[in-house]
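The values are calculated or read from the model by the stated rules, or taken from the named source; none is laboratory data. Since the structure is predicted, the reported quantities are computational estimates derived from the model, not experimental observations. Here the Cβ is made from the backbone with ideal geometry for all residues, glycine too, and neighbour counts use every protein chain on show.
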Amino acid sequence: MNLDWLDAFLISGLFSVVIIIGLGLLLHLQLGLARIANFGVVGFFGIGMYAFGVMFVKVDWPFSEVWAFFISLAFGTLVAGLSGLLVGWLIADLDEDGVLVGTLGFATAVLILATTEQDLTGGALGLGGLKFPYDIGSVKANEFLWLIIVTTVVALILLYVGRVHRSPYGRLLIAVGANEPLARSLGKPAFRTKLWLFAVGSAGMGLLGALFGVMVRFLDISNLGIDVTLAAMVALVLGGTARVWGAVIGGFLTIGLFEIVVQSYIPFPQGWYGQAIPVVRQMVFGATLIVVLLFRPLGILGDMRRDKLMRSMHGG
Amino acid sequence: MSEANGSAMLEVHGLRSGYHGVEVLKGIDLDVGAEVFAVLGANGAGKTTLLATLARLIPLMAGTIHFHGEDVTRLPAFETAARGIGYVPQEKGVFPELTVSENLTIGGMIGRRSREDRIAEVFELFPDLAALQGQLAGTLSGGESRMVACCRALMQDPQLLLLDEPTAGLSPLYVDMFFEKITEIHQTKGVSIILAEQNATKALEVADQVMVLSLGEAFAVMDAAQLTTDQLKEGYRI
């Protein structure tokens with residue numbers, strides 16, 4: 001396959017955008033519908049990535065690498081889902097502050113575990129040996145195919161999220177988020193509903209973490225920083241927390257802007273890309289979050305329901 | 001006990017509950033059968049706490065609750081709701097970001113009867129709501145909002161409905177309409193009702209039995225027709 005027309009940075013940039021959109025979509029179900037502010041996105045992303053990586057690299061599998069790959073992928077997803085179940089169980093009845101601290105604490109615990117459990121994770125030195133489950137020639141071709149596969153996975157997540165939005169389950173999530181005691185008095189187990197939502201969302205985040213690990217092929221604790229959570233959160237808030245397409249629009253306008261436009265098309269001095277631009281990116285993301293929350297709290301796409309409510313309450 | 005077959009639908013004994021360790025209800029006994037049971041009392045008497053405790057939204061400090069003979073004291077709210085106890089809170093009784101129709105659908109998520117049939121029945125009871133189906137509940141007036149909350153609870157096909165001050169703050173027109181509907185729900189649907197109310201005159205018109213709560217204790221429990229103004233005043237500490 002001749003891919004000379006395709007820039008390697010573009011593949012990498014698009015891949016980052018797709019991953020953040022996937023995380024933003026899953027976060028949308030938790031934050032946009034059920035109002036659970038999960039600040040531990042990177043924890044679930046990371047635990048899926050490392051569970052997959054350790055399983056794939058460290059275990060001496062008695063069967064082919066392709067089988068080992070998919071079993072490890074399922075394992076990473078499952079571990080992330082079970083972690084979500086545990087964290088969800090701990091935070092489901094807490095107030096917003098408790099949820100924030102609990103989820104942030106989980107993400108920190110994952111980072112510490114990945115750093116200290118050197119025999120398993122490689123610690124600060126990292127863990128190599130990951131590979132694609134196929135080989136179609138060049139590295140670029142393999143990465144391009146992986147980008148297509150992961151984009152398909154994220155498109156399926158988008159379909160699932162859209163379906164939830166239109167379903168009675170989606171209404172239930174809105175109800176639980178808006179008034180949990182009332183939802184309970186209607187015969188719906190709010191605790192179980194939130195727990196299931198958290199487990200499924202976390203499993204999805206873990207899967208995306210594992211898929212990310214395959215692309216980078218070297219697991220490094222620098223991938224477990226708060227910037228992953230921040231990027232998903234900023235993308236979602238900018239696009240519209242309560243809208244299905246919010247994370248998609250926001251993902252392109254944030255990560256897309258930095259990873260594709262700035263990296264590939266703006267001729268900054270070479271030295272800037274390593275140090276200055278990532279720092280500027282964090283600052284811009286933080287500032288964006290503040291500006292959006294101050295002036296357009298419902299994001300670019302807004303929210304038909306809440307917009308209508310606001311108009312009704314304040315006139316206009 | 002006032003149910004026709006001699007056993008009460010709801011039996012409450014020695015109920016104590018409150019908030020954050022502060023006891024509001026100080027040992028309530030209550031037997032409710034197939035009837036409208038009014039709970040009267042001044043502000044702070046414990047009416048809302050009583051209904052929220054019966055709906056299992058506030059934990060008990062002591063006492064027991066039996067529904068149709070089954071001990072539901074330790075059941076979570078969603079399970080008592082599934083057994084047939086519907087609850088309409090005084091405030092925030094609707095989900096503002098959902099439409100009227102979606103609010104009703106959420107209410108109808110339990111039960112076996114067709115949701116469409118149940119929606120048709122509640123619209124028959126409150127015809128004005130049919131025209132508001134697509135409107136967000138948060139944009140409704142106070143009276144409309146109470147109607148939606150009541151219909152949402154009726155969508156659960158409850159056998160016992162807990163109504164917490166359904167007419168508080170409403171115009172006289174809505175108040176009259178609501179009390180007519182309470183009688184209609186009881187008589188045509190066979191739903192027992194516990195009605196917490198400040199409006200004693202209206203409540204006594206529709207109630208079979210009455211309890212006057214005073215500072216968390218049952219000051220009087222009797223047939224509604226027998227309650228005298230003096231007893232009521234004493235219960236209200238006027």
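Residues that are over 16 Å from B:Asp157 (Cβ atoms) and not assigned by TED's automatic domain parsing to the domain that holds B:Val206: does segment B:50-69 have at least one?
Within segment B:50-69, none of the residues are over 16 Å from B:Asp157 (Cβ atoms) and not assigned by TED's automatic domain parsing to the domain that holds B:Val206.
Mind checking which residues of segment A:174-189 are crowded, with 24+ Cβ neighbours inside 10 Å and more than 7 Å from chain B (Cβ to nearest Cβ)?
Hits for segment A:174-189 are A:Val176, A:Ala183.
Would you mind stating whether B:Gly134 is more than 8 Å from every other protein chain (Cβ to nearest Cβ), surrounded by fewer than 17 Cβ atoms within 10 Å (Cβ to Cβ) and within 21 Å of A:Leu33 (Cβ to Cβ)?
Here the answer is yes, as B:Gly134 does meet what is asked.
Would you confirm whether any residue within segment A:118-128 is more than 24 Å from the chain's Cα centre (by Cα), among the polar types (S, T, N, Q) and modelled with pLDDT of 90 or more?
Yes, segment A:118-128 contains a residue that is more than 24 Å from the chain's Cα centre (by Cα), among the polar types (S, T, N, Q) and modelled with pLDDT of 90 or more.
Give me the helices (runs of 4 or more DSSP H) completely within segment A:70-186, filtered to those with at least 2 residues that are of a type in the set (A, V, I, L, M), ordered by residue number.
A:96-116, A:139-166, A:168-178, A:180-185
Every residue, every condition in (1) among the hydroxyl-bearing types (Ser, Thr, Tyr); (2) at pLDDT below 95; (3) under 21 Å from B:Leu195 (Cβ atoms), yes or no:
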{"residue": "B:Ala42", "(1), (2), (3)": "no, yes, yes"}
{"residue": "B:Ala45", "(1), (2), (3)": "no, yes, yes"}
{"residue": "B:Leu51", "(1), (2), (3)": "no, no, yes"}
{"residue": "B:Gly69", "(1), (2), (3)": "no, yes, no"}
{"residue": "B:Leu75", "(1), (2), (3)": "no, yes, no"}
{"residue": "B:Glu79", "(1), (2), (3)": "no, yes, no"}
{"residue": "B:Pro89", "(1), (2), (3)": "no, yes, yes"}
{"residue": "B:Gly93", "(1), (2), (3)": "no, yes, yes"}
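Check off (1) away from chain B (no Cβ under 12 Å); (2) surrounded by fewer than 18 Cβ atoms within 10 Å (Cβ to Cβ) for A:Tyr169 and give me the number that stays unchecked.
Every condition holds for A:Tyr169 apart from (1).
Between B:Ile119, B:Ile110, B:Ile106, which is in contact with a helix residue (DSSP H, G or I) (Cβ under 6 Å, 6 or more places away or on another chain) and in a loop (DSSP other than H, G, I, E, B)?
The match here is B:Ile110.
Conditions first: (1) under 30 Å from B:Leu57 (Cα atoms); (2) more than 14 Å from chain B (Cβ to nearest Cβ); (3) hydroxyl-bearing (Ser, Thr, Tyr). A:Ser222 passes all but one, so which condition is the exception?
(1)
Can you tell me how many residues within segment B:201-220 are buried (at least 18 other Cβ atoms within 10 Å of the Cβ) and under 25 Å from B:Ser141 (Cβ atoms)?
Counting residues in segment B:201-220 that are buried (at least 18 other Cβ atoms within 10 Å of the Cβ) and under 25 Å from B:Ser141 (Cβ atoms) gives 3.
Could you check, for segment A:125-136, whether at least one of its residues is out of contact with any helix residue (DSSP H, G or I) (no Cβ under 6 Å at 6 or more places or on another chain), within 14 Å of chain B (Cβ to nearest Cβ), more than 21 Å from B:Leu154 (Cα to Cα) and loosely packed, with under 15 Cβ neighbours inside 10 Å?
No, the conditions are met nowhere in segment A:125-136.
Considering only residues of segment B:102-125 that are more than 8 Å from chain A (Cβ to nearest Cβ), out of contact with any Asp or Glu (no Cβ under 8 Å at 6 or more places or on another chain) and over 26 Å from B:Phe179 (Cβ atoms), which is surrounded by the most Cβ atoms within 10 Å (Cβ to Cβ)?
If we take residues in segment B:102-125 being more than 8 Å from chain A (Cβ to nearest Cβ), out of contact with any Asp or Glu (no Cβ under 8 Å at 6 or more places or on another chain) and over 26 Å from B:Phe179 (Cβ atoms), then B:Arg115 is surrounded by the most Cβ atoms within 10 Å (Cβ to Cβ).
Which one of these does A:Thr193 not meet: (1) assigned to a helix (DSSP H, G or I); (2) away from chain B (no Cβ under 14 Å)?
(2)
Which condition number in (1) out of contact with any helix residue (DSSP H, G or I) (no Cβ under 8 Å at 6 or more places or on another chain); (2) outside any strand (DSSP E or B) is the one that B:His66 fails?
It fails just one condition, (2).
Residues of segment B:52-85 being of a type in the set (Ser, Thr, Tyr) and either surrounded by fewer than 16 Cβ atoms within 10 Å (Cβ to Cβ) or within 14 Å of another protein chain (Cβ to nearest Cβ) (or both), which ones?
B:Thr53, B:Thr64, B:Thr80 - these are the residues of segment B:52-85 that are of a type in the set (Ser, Thr, Tyr) and either surrounded by fewer than 16 Cβ atoms within 10 Å (Cβ to Cβ) or within 14 Å of another protein chain (Cβ to nearest Cβ) (or both).
Which number in (1) under 28 Å from A:Leu29 (Cβ atoms); (2) more than 21 Å from the chain's Cα centre (by Cα); (3) free of Cβ contacts under 8 Å to residues at least 40 places away in the same chain marks the one condition that A:Asp135 misses?
Going through the list (1) under 28 Å from A:Leu29 (Cβ atoms); (2) more than 21 Å from the chain's Cα centre (by Cα); (3) free of Cβ contacts under 8 Å to residues at least 40 places away in the same chain, A:Asp135 breaks only (1).
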